[in-house]
Each structure stands twice: as structure tokens, then as C-alpha cells.
Amino acid sequence: MSLTPPPGARADWTIDQDWSGYTPAEHEVWITLYERQAALLPGRACDPFLKGLDALDLHRSGIPDLKRVNEELKRLTGWTVVTVPGLVPDAVFFEHLANRRFPAGQFIRQPHQLDYLQEPDIFHDVFGHVPMLTDPTFADYMQAYGQGGLRALNLGQLHNLARLYWYTVEFGLLQTPQGLRIYGAGIVSSHAESIFALDDPSPNRLAFDLARVMRTPYRIDDFQQVYFVIPSLTALVDATLTDFGALYQWLQSQWDIPIATILPTDRVITRGTQAYAKEKEANPA
Ligand code: HBI
Ligand code: FE
């Protein structure tokens, strides 16, 4: 991806949200997606997510005006949401996170794309990622992740760090006294995966371990075959205190772990059947 921002974008790739420019049909897409998730998530999403959703009042009446959301978010944890045209270069992405700015896609998906789209739109980013940024511990983790990303880029180690992001920020599960709960944005913004990740016997669910996650490839085209479970959000911040230099060094000598493999050293929460992935492999769509 070229480092030159697209026409109309600023040097940091941000663009105005232009909230008044959204059409009624676009607001309708937000409302449909919001209503579906709001009905499903109590008892599935973790408390910090549900609290954040309320605190930011990501109301049901359409795409939120981020000027209003940012007043509350900044007051809570110092984070603000900035809007971008779509995926931005890694260096730009990490620079924003390192400065407590979350880059959200300005566009919203089309009505026929309700269930999946490759590029993060404003529903994935603002509904999926932003509520967790109201939690001080998670807010600290996301900034530390951004800082770590800038270092990883300079060390040519981005692929390892991208796995950490994928298996925590995007597809992470949290152990709670009431059972497993979702905190990952990729799950919480997806109706089907909000059910699959917690209820389906197919995927493995393993205790989070930083080095283990960094050796595990991930899928971008379908439900995950493994989910990693943290005991608390603090565990994420603790992980960022690791000496990543030594860890990257060690990882150079380690093979990737095949995605469905369970190692004898893994602490297993659910040993999955992998039935879903096998079925999809046998009958490609
Ligand atoms: N850009 N807008 C946007 N959103 C992302 O989630 C994103 C990105 N660029 C890079 C990127 N994610 C990944 O490289 C990181 O998750 C590692
Ligand atoms: Fe995301």
C-alpha cells in the first residue's frame, strides 16, 4: 500500500466524517446492524463492552456523530475516533493508536453486505472497537499496542504483532465468573460469529499465551478455528510489558503452529471438533 494518502485525505490519512452527508438508507443499515447485535449481546459481550455501548450512547437512531461520541470518549480515557477512507498503511495505523486516536472507516457497508465485508467500515470500527476504548485498562493496552507496532515495524516483526492484534483486539474472549464473554471487535460486530465463538463445539478455545499467539496464523476469510481466552483485561497490559526484542529473537527459530493444532503445553478450555472448518473444506462455497 502506498504511503501517499488518497485525494481529499490529510497527511495522516484522516478525512472529515461529514455526518450530515450520510443518506437515510445508510443510517438504516446502521440501525439494522445495531438492533440485531443489541438484542444478541447481553450475556455474550463482556461487561466493559456493554457499559461502553451505553456510556457512548451509540444510539439506535443511525450512524453516530463522532463529534458527540468523542466528547464522552475523550473524557473517559483520552481516546478519540478519527475517520479514514478505509485501511491505512501500518505505520499510519500504529501512529494513530500510539496517540490514542482510533482510525475508523468513514463509510458504511451496503445493505447486501450485512453479514461480512473484508474492509472495516464504520459499524465494525465504531460499534465493534470503540466501546472497549471506554475501559481504562483496555484503553492503555491499545495505546501500548500502537507503540509496540511502531517498534515492530522498525524491527521487521509486524507479522507477529499482527497476530497478537488479531487474537485479542479482533477475536479475543474473556473468562469471567459467569463464563466466557466476547471482547474482540471482529466477533462482537458479527451476528453469526457472536454465536459461533461462544456456543459452537467446532473451534478450539485456549488460554491466552503471548508467544503461543504470535506463532499461530489466522484466517481472514471465515470464522476462526481457535480463540484465545484471557483471564482479565489486565493480562493484556501485562503482556505488553514483555521484552519483545528477546521474544522476536526466539520466534525466529520457532515454526508456526498449524491453526487447528493443540499443543501438549496448551491450557485447553475447549477442545474443538473443527467440524465447521472440515465441512467448509469438503464443500467449498
Ligand atoms: N487500517 N483503517 C485501518 N483499520 C485497521 O484495523 C488496520 C489498518 N491498517 C493496518 C492494520 N489494521 C493491521 O496491519 C494491524 O491490525 C496490524
Ligand atoms: Fe477491526
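The values are calculated or read from the model by the stated rules, or taken from the named source; none is laboratory data. Note that the coordinates shown come from a computational prediction; the quantities given were computed from them, not determined experimentally. Reconstructed Cβ throughout: ideal geometry from the backbone, glycine too, with neighbour counts over all protein chains shown. Remember, those area values only see protein heavy atoms, side chains included, never the ligands or the DNA or RNA. Shrake-Rupley method; radii C 1.70, N 1.55, O 1.52, S 1.80 Å.
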Legend entry - Members of the stretch 223-261 found to be small (Gly, Ala, Ser) and in contact with a helix residue (DSSP H, G or I) (Cβ under 6 Å, 6 or more places away or on another chain), listed by number: Ala239
Inset, instruction - Pairs only if they're at least six apart or on different chains, beta carbon under 6 angstrom, first in the stretch 115-139 and charged (D, E, K, R), second open to solvent by 20 Å² or more (accessible area, probe 1.4 Å) and away from ligand 2 (no atom under 11 Å from the Cβ); list them, first residue then second. - result: Asp121/Phe107; Asp135/Pro48
Legend entry - From the options Asp199, Asp209, Asp238, Asp256, residue that is closer than 22 Å to Gln143 by Cβ, at pLDDT 95 or above and either open to solvent by 50 Å² or more (accessible area, probe 1.4 Å) or of a type in the set (Lys, Arg) (or both): Asp238
Inset, instruction - Go through Gly184, Gly172 for me and flag whichever is open to solvent by less than 20 Å² (accessible area, probe 1.4 Å) and within 11 Å of ligand 2 (Cβ to nearest atom). - result: Gly184
Inset, instruction - Take the stretch 104-120 and flag every residue that is farther than 23 Å from Glu71 by Cα, open to solvent by less than 70 Å² (accessible area, probe 1.4 Å) and polar (S, T, N, Q). - result: Gln113
Inset, instruction - All but one of (1) open to solvent by less than 70 Å² (accessible area, probe 1.4 Å); (2) more than 16 Å from ligand 1 (Cβ to nearest atom); (3) within 19 Å of Asp121 (Cα to Cα); (4) in a loop (DSSP other than H, G, I, E, B) hold for Gly43, so report the exception by its number. - result: (3)
Inset, instruction - Examine the stretch 80-103 for a residue that is open to solvent by 30 Å² or more (accessible area, probe 1.4 Å), part of a helix (DSSP H, G or I), among the aliphatic types (A, V, I, L, M) and within 10 Å of ligand 1 (Cβ to nearest atom), and state whether such a residue exists. - result: yes
Legend entry - Matching residues in the stretch 269-285 - criterion: being hydrophobic (A, V, I, L, M, F, W, C) and exposed (fewer than 13 other Cβ atoms within 10 Å of the Cβ): Ala275, Ala282, Ala285
Legend entry - Boolean, Glu26 is among the charged types (D, E, K, R), open to solvent by 50 Å² or more (accessible area, probe 1.4 Å) and touching a residue at least 40 places away in the same chain (Cβ under 8 Å): yes
Inset, instruction - Among the helices (runs of 4 or more DSSP H) lying completely within the stretch 140-220, list those that include at least 1 residues that are farther than 24 Å from Phe123 by Cβ and within 16 Å of ligand 1 (Cβ to nearest atom). - result: 158-165, 210-214
Inset, instruction - Spot the failing condition for Gly149; the list is (1) open to solvent by 40 Å² or more (accessible area, probe 1.4 Å); (2) more than 21 Å from Ser194 (Cα to Cα), and only one is missed. - result: (1)
Legend entry - the stretch 221-235, residues that are open to solvent by 10 Å² or more (accessible area, probe 1.4 Å) and part of a loop (DSSP other than H, G, I, E, B): Asp221, Asp222, Phe223, Gln225, Pro231, Ser232, Leu233
Inset, instruction - Scan (1) within 16 Å of Pro131 (Cβ to Cβ); (2) in contact (Cβ under 8 Å) with a residue 60 or more places away in the chain for the single condition Thr83 breaks and write down its number. - result: (1)
Inset, instruction - Would you check if there is a residue in the stretch 54-73 being open to solvent by 10 Å² or more (accessible area, probe 1.4 Å), within 14 Å of ligand 1 (Cβ to nearest atom) and modelled with pLDDT under 95? - result: no
